[in-house]
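The values are calculated or read from the model by the stated rules, or taken from the named source; none is laboratory data. Given the structure is predicted, the values throughout are model-derived calculations rather than measurements. Ideal geometry is used to build each Cβ from the backbone, glycine not excepted, and the neighbour counts take in all protein chains shown. All accessible areas refer to the heavy atoms of the entire protein, side chains included, with ligands and DNA or RNA removed. Shrake-Rupley method; radii C 1.70, N 1.55, O 1.52, S 1.80 Å.
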Amino acid sequence: MATTQNRQFRPLPVPSVTIGGYWGAWQDAVCDHTAAALLDRCVEARMLEQVNPDVPSPGIVIPIIHWLGTPQMFWDSDLGKSIETIAYSLYRKPNPALEARADAIIDLYEKLQEPDGYLNSFFQRVRPEWKWTNLRDFHELYCAGHMMEGAVAYYQATGKRKFLDVMCRMADYMVKKFGRGPGQVRGYCGHEEVELALVRLARATGKQEYLDLAKFFVDERGQEPNFFIEEAIAQGRDPKGVQKKTLEYNQSHLPVREQTKVVGHAVRAMYLYSAMADVATEYHDDSLTQALETLWADLTQKQMYITGGIGPAESNEGFTDYYDLPNDTAYAETCASVGLVFWASRMLGRGPNRRYADTMEQALYNGAITGLSTDGKTFFYDNPLESTGDHHRWTWHPCPCCPPNIARLVTSLGSYAYAVADDEIAVHLYCASEARVELANGAKFTLTQETDYPWSGDIKITVNPEAPARFAVSLRIPGWARGAKLAINGQPVALEGLAKDGYARIEREWSQGDTMALTLPLEPRALRAHPSVRQDAGRVAIMRGPLVYCLEGVDNGGALNSILLNNGLGKAQTAVIPDLRGAIAIDVPVLREQAESWGDALYAEKAPDTAPETARLVPYHLWDNRAPGEMLVWLRQRQE
Ligand SMILES: [Zn+2]
């Protein structure tokens, strides 16, 4: 049997998993509303005119995205992600009209593609003279990456090869263009993405050269002489350029194996680390894994919101200093948390480990899904942890990266819930679902989860092999689930003996109808932040299971900072919120400071009067779905 170090876990393809329950409702919202809305918005933004070679080019439609300092030139990525979302949604809910729209766009791309395989609608149709002149700022390879991901998804969901073949031709072109050989470009993209996409394309097609190109891009990044500086000088540009004047912005300041601090633009960082993890898995590259473990600790111990939101600053859409986690101005882009889910899931490629899976779940439920309204129609770009009532989801954005990113994550959730190695399946996420699995060792089975998670911690898992078969099932026991219990076929099992890296690994011969019953306690918990996080001093955040909770104006009126948590959560009670898809609320006795009896003085040497009341906390990711109003995650605590 392979050693732990040598194991390779890969996600189950999306069509291998059917999702119900909590995530099924989210997937339905995307299928019923978001998927078509993405295309509608792309059409309104004139993206199809840019792609269609039979109509005049629309030119530069959005002249400057202020933080980029460049025009909106990455529409191909929005279409790629939208097609990826549509692909997954078609698998769940056939929709001939939507499929026809996607097919029509794919036809346009096929028509647009140059004979040598090159494909990028902006550089072909709007600014041909800019082609391959600025890898740092122009998102040229980034767009190819999202199109490749869309192509793989569309092929897997519909069986149609056209888009896959188109993007393989682009990949073949890139294999010739980029490399260390004579006449090749020894460069990489300023916005990472194509690396992880090439791994997906390689896994779908079996083509080693795509994997090797992904590895090349990862290995070259940050090598001296720095490609972006050389490129700028060769093109007669200021090498410091528009993008925040630092190489940290796009993580090209050091070779990736020497990077120890998570820096720069948050989405770029997450996509790079995701690719590094993929390459580490595919090439058994421990030098990359080592660097990633250091970066992981740096992010999760010094730079991550409790929501799994990352990148506090709008100015660089990214990281600032350690323990700098402002709540009301948190940028915490939806895409960045989606990217953290990507990275975490890929860190599980070398084997189950709740260090990564717990954070994947935290970012998924709190940083990422918050970006989507429950009806699937509106979106958050930035995700503050406190609002005075003026922050609401919007229908679109000049840089519409987040909506399709969260939509494709939601609709592909099965790939994050399950991963398989030769003789093992790992259950990383709990959700009502059925996974259809065939392992390399020949075992063929379905694995069914019945659960109302995350509202309930009771999870029943049934394994149904076609014929009795030996393999391992690894179940994540979240770090927060103190007192978790497991029974196999009704017999309690001691988790202490089974658990490794936070997973219970059950290796046995499985027969039809074998069951595992897992119970995860969901008592509400009050968490404090590291003393160095000044913004959270004297405050606590409430969690239940994987969910961060918040106060909302609709339940608690205004002035949420006048609410003091008193005597902890001992008397907390849960209740169902009917108008939030049956979500669980937490009702807690609190004290409320009284402004009415304070008087007119702005300052006085006294404590405000307080009165007892009950505060209602709701899951943070569901805020701003009922009525507009204030919101607060970090609650003040009464000081003794
Ligand atoms: Zn985004």
Using alpha carbons only, how many angstrom separate the centre of the range 453-476 from the centre of the range 40-115? 40 Å
Relative contact order in percent for the range 328-470 (Cα pairs under 8 Å, 6+ apart) equals 17 percent
Got a sec to turn the phi values of the range 21-32 into Karplus ³J(HN,Hα) couplings, 6.51 cos²θ - 1.76 cosθ + 1.60 with θ = phi - 60°, whole Hz, x for Gly and Pro? x, 4, 6, x, 5, 5, 5, 4, 4, 5, 4, 7
Can you give me the long-range amide H partners of Asp587? Hydrogens built in the peptide plane at 1.01 Å from N, cutoff under 5 Å, separation of 5 or more residues or another chain. Gln573, Thr574, Ala575, Leu617
For Asp514, other-chain or 5+-apart residues with amide H closer than 5 Å (H placed, Pro excluded) are Val463
Solvent-free Debye scattering, log10 I(q)/I(0), computed from the Cα coordinates of the range 435-478 at q = 0.23, 0.27, 0.31 Å⁻¹: -0.84, -1.01, -1.17
With an 8 Å cut-off on Cα pairs and a minimum separation of 6 or more residues, tell me the relative contact order of the chain in percent. 13 percent
Could you point to the residue in Pro546, Asn561, Thr329 farthest towards the positive end of the chain's charge dipole, with +1 and -1 charges on the Cβ of Lys/Arg and Asp/Glu respectively? Pro546
Can you find, among Asn383, Met360, Leu299, the residue sitting farthest towards the positive end of the charge dipole of the range 299-421, where Lys and Arg contribute +1 and Asp and Glu -1 at Cβ? Met360
Work out from phi, with θ = phi - 60° and the Karplus expression 6.51 cos²θ - 1.76 cosθ + 1.60, the ³J(HN,Hα) of each residue of the range 330-342, listed in order in whole Hz, and give x for Gly and Pro. 3, 7, 6, 4, 3, 4, 5, 5, 4, x, 5, 4, 4
Keeping all protein chains in the complex and leaving out DNA, RNA and ligands, what accessible area do you get for Arg525 with a 1.4 Å probe, in Å² to the nearest 10? 40 Å²
Accessible-area composition of the range 298-449, carbon plus sulfur, in percent [1.4 Å probe]: 45 percent
What distance in nm separates the two pseudo spin-label positions at Arg528 and Trp130, each 7 Å out from Cα along the beta-carbon direction? 5.2 nm
Starting from 0.36 nm per residue, how many nanometres of slack lie between Ala595 and Lys571 once their C-alpha separation is accounted for? 6.1 nm
Unsatisfied cross-links (Cα-Cα over 32 Å) in the set Lys111/Lys177; Lys215/Lys261; Lys81/Lys176; Lys111/Lys176: none
Pop out the Kirkwood hydrodynamic radius of the chain from its pairwise C-alpha distances, inverse of mean 1/r, in Å to one decimal. 25.5 Å
Let me have the 222 nm mean residue ellipticity of the chain computed from DSSP H runs of 4+ only, each contributing -39500 (n - 2.57), with the sum over all residues rounded to the nearest 500. -10000 deg cm²/dmol
Dipole in debye (nearest 20) - the chain, about Cα centre, beta carbon charges: Lys, Arg +1; Asp, Glu -1: 900 debye
Between the range 297-364 and the range 518-589, the Cα center-to-center distance that results, in Å: 21 Å
Could the peptides 513-522, 213-222, 597-606 be put in order, highest first, of the mean number of other beta-carbon atoms found within 10 Å of their residues? 213-222, 513-522, 597-606
Counting only heavy atoms of the protein chains, get the accessible area per residue of the chain (1.4 Å probe) and round it to a whole Å² value. 36 Å²
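Give me the percent of accessible area attributable to carbon and sulfur for the range 525-596, probe 1.4 angstrom.
Solvent-exposed carbon and sulfur of the range 525-596 make up 51 percent of the total.
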Amide N proximity, the range 446-477 versus Gln512 label position 7 Å along Cα-to-Cβ, cut-off under 19 Å: 446-449, 461-471
